[in-house]
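The values are calculated or read from the model by the stated rules, or taken from the named source; none is laboratory data. Fair warning: this is a prediction, and the values are worked out from it, not measured in the lab. Reconstructed Cβ throughout: ideal geometry from the backbone, glycine too, with neighbour counts over all protein chains shown. Surface accessibility is based on the protein's heavy atoms, side chains included, excluding ligands, DNA and RNA. Shrake-Rupley method; radii C 1.70, N 1.55, O 1.52, S 1.80 Å.
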Amino acid sequence: MSSLNERAPWRGQISAAGILIGCIGCVIITASSVYTALKMGALPWPTIFTSITALVLLRAAGRTNLNEANVTQIIMSAGSMVAGGLAFTIPGVWMLGLDAELSWIEIGGVALAGTLIGLVCTALIRRRFVEESDLEYPIGTAAAETLMASRAGGATGKGLFGSMAAAGVWCALRDLVGAIPAMIGALPIPGVAFGIYNSPMLLSVGFLVGGAAVAFWLAGGLIANFGIIVGGSSMGLWDVAGGQGIVSSLGMGLMMGSGIGVVVRDILPAVFRGMRNGRDGGGSCETTAAHVFGKLDRGILALLVTAAALLICLVLGLSPIACAIVVALAFITTIMGAQSVGQTGIDPMEIFGLIVLLVIAALGESDQVRLFFVAGVVAVACGLAGDVMSDFKTGKIIGTDPRAMWVGQAIGAFLGCAVSVAVMCALINAYGPGAFGPGKLFVSAQASVVATMVSGIPSVPAFALGLAAGVALYCLGIPSMMLGLGVYLPFYMTLSASLGAAVKIAYDHAAARGKRDTHVDGAMAAGADAGSTDGETSHEETGIIVASGVLGGESIVGVIIALASVAGGLLG
């Protein structure tokens with residue numbers, strides 16, 4: 001963010017109409033996100049859906065500015081990540097029979113503290129992870145393509161909206177009609193969720209991320225599932241359940257180590273360089289927070305952190321030392337979330353919350369409810385960070401001012417806090433704590449995992465090994481976050497994304513061969529080279545547009561199904 005004292009054009013990208021439309025949409029999307037996350041154990045990204053909805057509604061109001069539409073969709077979608085952070089963690093309290101110790105004030109404290117930390121952290125890391133990095137952010141890129149295609153005619157618009165419609169129909173046939181299976185080629189391998197998830201979204205994520213990063217993702221999955229679980233259990237080193245505990249611990253260690261590696265390799269050196277340049281009176285003013293933010297900005301961010309810390313101490317009941325550790329580790333995990341979303345479009349927010357939970361438990365916190373609070377705060381912060389960074393990527397592509405986006409995110413996130421807490425409390429009052437858990441009305445799969453892990457890390461040595469390896473690999477330039485995701489995520493997700501990357505390789509190969517076939521005259525080689533750049537650009541754009549449409553089609557249908565589920569649940 002630039003200084004608040006600047007009279008920048010960012011205010012022109014936020015309108016009263018956009019705020020009103022965004023807030024109404026935020027209430028609907030947040031409510032549906034709570035219900036979907038609890039009922040289905042998943043949370044589809046609403047960004048594409050909200051982008052199109054914002055465009056349509058603003059145009060109906062006579063407004064056609066794409067940046068205004070982008071800020072409006074940011075307000076709409078922000079609350080869904082707050083909802084996800086709560087729904088993926090807090091129901092574990094009810095599963096363990098601790099509901100008598102939980103009040104709506106405490107749930108609200110978790111949501112608000114996580115939101116405050118998430119907003120501060122994204123303001124601090126935006127430049128590094130959006131402006132200076134080459135992370136793809138497939139969701140943000142897809143949203144930008146959707147917004148730009150609304151102005152483009154011809155092949156661009158047809159390519160995006162045609163692929164979006166096809167993916168949407170496919171998803172509806174799978175999830176509503178049941179005409180096509182959700183899983184293909186599933187094999188009964190003990191301890192391994194082997195199969196291909198019939199998801200256009202996962203295929204498009206693999207396509208957009210590309211081969212190199214997905215290769216490490218796949219390598220992590222192969223090592224974990226077939227090396228540790230299958231190989232180790234077949235050799236009698238441990239049983240299948242023991243292997244799964246090692247894998248989950250190793251994966252969490254790798255991901256946390258990668259986040260620490262970012263701090264060690266990228267952030268601390270930049271801070272030290274900025275401090276040294278400041279003492280020397282020279283150097284770039286872009287390297288330190290003191291120069292990136294104005295005095296009023298820094299004061300606001302410090303105030304937000306202080307408010308979050310007070311909530312954690314006074315409302316949630318953690319000690320000042322535990323509070324300081326939670327805030328510090330939340331900064332690291334939001335970095336991990338930004339990196340994960342930037343590379344894969346996946347934000348395992350509950351895993352980041354679980355990592356910090358285990359650290360606090362290892363330091364002596366034995367109250368189980370407070371441990372869930374820790375996980376919830378971090379999950380909300382990381383979920384919001386993933387959403388914010390994707391939105392910043394969209395804004396970078398289409399030219400939206402970062403300050404306008406951050407303000408929109410704050411509006412949607414604070415409103416989302418109120419809505420998500422209200423919906424959670426309404427559901428628990430309506431259905432009771434016995435409705436949450438595996439095989440119950442609200443399966444709450446992620447919260448169930450958190451509940452089973454409250455007792456501690458399954459394999460401390462594996463976690464320590466992953467932590468050290470994550471730091472070392474990242475510092476060596478190896479994407480340890482992708483490796484960790486492959487280790488931790490179910491193998492069917494890894495395999496499905498890998499197929500999308502394979503499609504990208506085949507697509508690039510076919511396009512290159514097609515261009516070679518058109519240059520039959522060797523004497524025109526120089527001319528062909530000179531014109532190849534435009535061809536490559538067109539080829540890349542076509543692939544991104546179609547993949548973005550495929551990704552958006554499933555996410556839109558997922559949100560519509562969620563809205564229908566909420567309506568049906570309330571009417572039922």
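Only protein heavy atoms count here; under a 1.4 Å probe, ASP239 has an accessible surface of about 100 Å². With a Förster radius of 30 Å applied to the C-beta separation of ALA564 and ASN429, the computed FRET efficiency comes to 0.85.
The gain in end-to-end length when the MET235 to LEU187 segment is fully stretched comes to 15.2 nm, 0.36 nm per residue minus the alpha carbon separation. Go ahead and run the numbers for FRET between ALA17 and LEU499, Cβ-Cβ distance against an R0 of 41 Å, rounding to 0.05. About 0.45, to the nearest 0.05.
Highest-first packing order for the peptide set 167-174, 403-410 is 403-410, 167-174, based on the mean count of other beta carbon atoms within 10 Å.
Here the contact order of region 337-491, divided by its residue count and restricted to Cα pairs under 8 Å and six or more residues apart, works out to 23 percent. Given R0 = 41 Å, the distance between the Cβ atoms of VAL264 and ARG513 translates into a calculated FRET efficiency of 0.40. Peptides 375-387, 350-362 ordered by packing proxy, namely the average of other Cβ atoms within 10 Å per residue, highest first: 375-387, 350-362. Remark: the ILE24-LEU173 segment gains 50.7 nm on full extension, using 0.36 nm per residue and subtracting the alpha carbon distance.
Carbon-plus-sulfur fraction of the accessible area of region 342-497, 1.4 Å probe, in percent?
67
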